[in-house]
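Single-structure report; data block below.
The values are calculated or read from the model by the stated rules, or taken from the named source; none is laboratory data. Predicted model only: the values in this text are computed from it and were never measured. Positions of Cβ are generated from backbone atoms using ideal geometry, with glycine treated the same way; all protein chains shown enter the neighbour counts.
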Amino acid sequence: MSNKIDATTEDWPPKKSKTNDTALVVNDGVNSQPTVNPYIKNFFVKKKPSVLTAKEYLKGIFAGDRAILGKAITIIESSNPAHRALAKEIIIGCQEKIRKSKVRTMRIGITGVPGAGKSTFIEAFGGYITGAGHKLAVLAVDPSSERSKGSILGDKTRMETLTKDPNAFIRPSPSAGSLGGVTRKTRETILLCEAAGYDVIFIETVGVGQSETAVHSMSDFFLLLMLSGAGDDLQGIKRGIMEMSDLIAITKADGSNVEKAEGAKALYANALHLFPPTDSGWVPTAVTSSAVTKKGLPEILEKIDAYFKLVRKNGYYDIRRRQQAKYWMYEHINETLKNDFYDNPKIEKALQKTEDQVLAGQIDSFMAAEQLIDIYRQEEKE
């Protein structure tokens with residue numbers, strides 16, 4: 001009998017066995033997925049606006065909320081005309097808070113020659129300040145590129161320990177071409193930090209230059225950081241900066257550099273005595289310090305405390321604050337007039353054409369400026 005299967009028989013195909021004795025198992029397939037992301041609705045959920053109201057900003061600032069304080073400073077620094085009214089409300093609210101609290105804060109300007117280790121010093125000394133029971137705000141200004149207009153803003157990353165300190169607030173800001181190594185909004189930023197409860201404000205500048213008058217005009221105490229062993233020390237800094245200094249600290253006075261630092265200290269201390277007496281009655285001097293060994297940090301704090309005790313007693317503290325207010329009144333006028341000039345519609349329309357004429361040599365810069373100013377004045381008369 002043949003074993004060949006007849007394809008025409010009714011037994012084909014073979015019937016499935018009731019017992020699953022085959023090695024072939026077919027699983028159920030997965031359901032087809034929808035073509036539209038089911039979570040897409042989450043992208044259309046109404047989010048909380050990033051820009052709060054003035055009252056919300058002020059409430060957060062007064063409560064010491066560092067996140068809200070940072071956002072408020074961003075509004076203050078913004079060049080967007082739409083933010084100016086909001087910034088004005090925030091500043092006025094902070095001024096009223098400061099006026100009512102009558103807290104006498106310490107504004108300390110810190111500058112120094114390149115390589116003096118300003119950020120390293122500030123982190124070490126800042127920790128010592130907060131350890132003494134103060135709340136510290138560090139306004140670190142980074143230089144902006146003349147080409148890209150950008151800044152690295154790396155000071156906060158270099159102050160890793162101080163950044164984690166709950167009693168410290170670090171705000172890096174771009175200089176944006178401002179003279180004196182401070183931003184045009186540093187003065188307003190100081191007010192916001194003081195309203196947030198910070199009683200010690202560090203204003204770190206880009207570096208030593210001929211326009212350091214700007215930081216001196218907004219600080220009560222001016223600390224100059226110097227580096228020894230870098231050639232002729234006295235030639236490394238302008239006389240005007242030394243005359244403004246209330247204290248000179250020779251940094252990196254550790255290891256094999258201690259002897260050089262002590263020599264530089266004596267050199268600067270003698271040079272400071274050659275300058276006329278200060279209006280405050282304070283006698284500037286020089287000290288050595290080390291951010292590594294913490295040497296000299298207690299002495300610097302003692303000097304600063306002694307200075308503020310002196311000027312608060314003899315009334316110079318209030319005189320200095322009024323001088324600062326006067327200086328920044330004129331600065332605010334200049335800034336407002338400049339903004340009004342460039343925001344003028346007719347100036348915006350004529351500026352590019354006039355600029356192209358100057359670049360093409362068709363008109364000199366003086367005449368170009370006069371033409372634009374005449375357009376602005378005519379607009380104001382109308």
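Out of Lys252, Lys295, I need the residue that is at positive phi and not hydroxyl-bearing (Ser, Thr, Tyr). Which one? I'd like the intermediate steps shown before the answer.
Numbers: Lys295 fails: at positive phi.
Exactly one of Lys252, Lys295 is at positive phi and not hydroxyl-bearing (Ser, Thr, Tyr), namely Lys252.
Please determine, by comparing only the residues of the range 131-163 that are out of contact with any helix residue (DSSP H, G or I) (no Cβ under 8 Å at 6 or more places or on another chain) and at pLDDT 90 or above, which one is surrounded by the fewest Cβ atoms within 10 Å (Cβ to Cβ).
Gly133
For Arg99, indicate whether it is over 15 Å from Lys185 (Cα atoms), more than 19 Å from the chain's Cα centre (by Cα) and part of a helix (DSSP H, G or I). Spell out how you get there, then give the answer.
Details: over 15 Å from Lys185 (Cα atoms): yes; more than 19 Å from the chain's Cα centre (by Cα): yes; part of a helix (DSSP H, G or I): yes.
Yes, satisfied.
Can you report the number of residues in the range 366-377 which are surrounded by 10 or more Cβ atoms within 10 Å (Cβ to Cβ) and farther than 14 Å from Asp340 by Cβ?
6
For Lys309, which of the numbered conditions (1) within 27 Å of the chain's Cα centre (by Cα); (2) surrounded by fewer than 12 Cβ atoms within 10 Å (Cβ to Cβ); (3) modelled with pLDDT of 95 or more fails to hold?
Against the list (1) within 27 Å of the chain's Cα centre (by Cα); (2) surrounded by fewer than 12 Cβ atoms within 10 Å (Cβ to Cβ); (3) modelled with pLDDT of 95 or more, Lys309 comes up short only on (1).
List the helices (runs of 4 or more DSSP H) inside the range 176-247, counting only whole elements, that have at least 1 residues being modelled with pLDDT of 95 or more.
Working: elements: 186-195, 213-216, 239-244.
Passing ranges, in order: 186-195.
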